[in-house]
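Undergrad: Encoded as structure tokens, here's the structure I'll be asking about.
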């Protein structure tokens, strides 16, 4: 599983011109699921993300978590995180999980995140989405479990 995490001032996801998820200060998490991933890894990733100290404290140091700043999290499924661009000019997605495998893992991850006590918003799995955000910093991290 890969999570691309961006610290944001705000973010939203539109599907068919309808806002399906939005947050103010917090984290935008793009979640990629590998074809070999299993649901049991979702808890570890959820805890890692919610405890990651990437928000600035009063001294300007990255020392606070999304919980500490009372932020929110927007989770968006992103199969292209496993796109392979090493050969040719067109990426392949052979390492990405099929939708049938990925969707239950994505849903379990969302539930694990909700159990962390942080407000959670989501995109819509498998739908063409328009994501907009104001990246703060910019601060972006990639977690690969």
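Undergrad: For segment 80-92, name all the residues that are free of Cβ contacts under 8 Å to residues at least 40 places away in the same chain and surrounded by 15 or more Cβ atoms within 10 Å (Cβ to Cβ).
TA: 83
Undergrad: Please enumerate the residues belonging to segment 18-42 that are more than 20 Å from residue 144 (Cα to Cα) and not in a strand (DSSP E or B).
TA: Across segment 18-42, the qualifying residues are 24, 25.
Undergrad: Of the residues that make up segment 57-66, is at least one more than 25 Å from residue 15 (Cβ to Cβ), touching a helix residue (DSSP H, G or I) at 6+ places or on another chain (Cβ under 7 Å) and in a loop (DSSP other than H, G, I, E, B)?
TA: yes
Undergrad: How about segment 79-121: which of its residues are under 18 Å from residue 2 (Cα atoms), touching a helix residue (DSSP H, G or I) at 6+ places or on another chain (Cβ under 6 Å) and outside any loop (DSSP other than H, G, I, E, B)?
TA: 96, 105, 108, 109, 112, 113
Undergrad: Which of the following residues is farther than 17 Å from residue 36 by Cα and touching a strand residue (DSSP E or B) at 6+ places or on another chain (Cβ under 7 Å): 92, 136?
TA: Checking each option against the conditions leaves just 136.
Undergrad: Looking at 109, 141, 125, which is the one that is touching a strand residue (DSSP E or B) at 6+ places or on another chain (Cβ under 7 Å), at negative phi and crowded, with 20+ Cβ neighbours inside 10 Å?
TA: Numbers: 141 fails: crowded, with 20+ Cβ neighbours inside 10 Å; 125 fails: crowded, with 20+ Cβ neighbours inside 10 Å.
The match here is 109.
Undergrad: Inspect all residues belonging to segment 67-75 and state whether any of them is touching a strand residue (DSSP E or B) at 6+ places or on another chain (Cβ under 7 Å), over 16 Å from residue 6 (Cα atoms), outside any strand (DSSP E or B) and touching a residue at least 24 places away in the same chain (Cβ under 8 Å).
TA: Taking every residue of segment 67-75 in turn, none turns out to be touching a strand residue (DSSP E or B) at 6+ places or on another chain (Cβ under 7 Å), over 16 Å from residue 6 (Cα atoms), outside any strand (DSSP E or B) and touching a residue at least 24 places away in the same chain (Cβ under 8 Å).
Undergrad: Residue by residue through segment 1-17, note down the ones that are over 17 Å from residue 47 (Cα atoms) and either in a strand (DSSP E or B) or under 11 Å from the mean Cα position of the chain (by Cα) (or both).
TA: Residues satisfying the conditions are 8, 9, 10, 11, 12, 13, 14, 15.
FYI, it's all coordinate maths here, none of it is from the lab. Quantities reported herein were computed from a predicted structural model and do not represent experimental measurements. Don't worry about glycine lacking a Cβ; one is built from the backbone with ideal geometry, like all the others, and counts go over all protein chains shown.
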